[in-house]
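To start, the structure under review is shown below, and the notes come after it.
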Amino acid sequence: MQLAVAACSQGVVMRHQHKGGIVLAGQLQHEGIAVKRPRVGVMVEVPAAISQLQFWRNRIDFVSIGSNDLTQYLLALDRNNSRVASRYDPLHPAVIHELNRVVRIAREGDLALSLCGEMASDPLAVILLLGMGITTLSMSATKLPRIKYLIRRLPLRRAELVLQQCLELDNSQDIRALLRSTILSLNLGELIK
């Protein structure tokens, strides 16, 4: 028995591949086979997806942010091009503001939210992500202990306050300085060495 899921303009159509051909979900249910709509979501990796989230939020269950690609496209920089890679900065104000906008839209639509990419394992960025309310982070297993250590010692209210301060700053250098001083004030300097 093989179940296939396809998206169409009217929603999700579930089909069961069967000797006699394709059987629609309704027929499967009629035959006593439990059919459950799979969770459907979007990966936000390009700026255009952010502006469309408000239109998609009634059709999706979750949003996942791909921070590496999103940062690259927001800043119009190829992070793999040695001539401009040094300007790639996930703590750039434009990136922080757009991430915060995604969080706001996801919250308004009651959508689950996660983030993957380098930001998820960067202690400085994690302060901002937690302040925004992003609590599902995807990273390599080797990075988990360090980020867990930070999360256990960072008061959420402090992360929210630091985020608000960072949203008022207009350059990455000042944002980094504020985040570093926050880490140091929590006696967590070993995380940024």
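For the chain, the Cβ-based charge dipole about the Cα centre amounts to some 520 debye (Lys, Arg positive; Asp, Glu negative; other atoms uncharged). Which is farthest toward the positive dipole end of the stretch 25-167 among Leu130, Asn58, Leu156, measuring Cα position about the Cα centre, with Cβ charges +1 (Lys, Arg) and -1 (Asp, Glu)? Comparing the listed Cα positions along the dipole, Leu156 ranks first.
Inter-part distance, the stretch 79-103 to the stretch 113-157, computed on C-alpha centroids, equals 17 Å.
Across all directions, the average projected area of the convex hull around the alpha carbons of the stretch 78-178 is 7.1 nm².
The GNM of the chain, with springs linking C-alpha atoms under 10 angstrom apart, assigns the highest mean-square fluctuation among Glu45, Glu108, Glu160 to Glu108. The heavy atoms of Ile151 present about 70 square angstrom of accessible area, all protein chains included, probe 1.4 Å. Can you tell which of Thr142, Thr71, Thr182 shows the greatest fluctuation in a Gaussian network model of the chain with Cα springs below 10 Å? Evaluated over the chain, the most mobile residue of the options is Thr142. Ligands, DNA and RNA are left out, and with a 1.4 angstrom probe the accessible area of the stretch 121-193 is 55 Å² per residue. For the chain, the calculated P(r), taken from all Cα-Cα distances in 10 Å bins from zero up to the bin holding the longest distance, is 8, 30, 29, 16, 11, 6, 1 percent. Overall, the accessible surface of the chain at a probe of 1.4 angstrom is composed of carbon and sulfur to the extent of 50 percent.
The values are calculated or read from the model by the stated rules, or taken from the named source; none is laboratory data. Only a predicted model underlies this, so the values are computations on that prediction, with no experimental measurement involved. Please note: Cβ atoms are built from the backbone with ideal geometry, for glycine as well, and neighbour counts cover all protein chains shown. Each accessible area value is taken on the protein alone, full model and side chains, heavy atoms only, with ligands, DNA and RNA left out. Shrake-Rupley method; radii C 1.70, N 1.55, O 1.52, S 1.80 Å.
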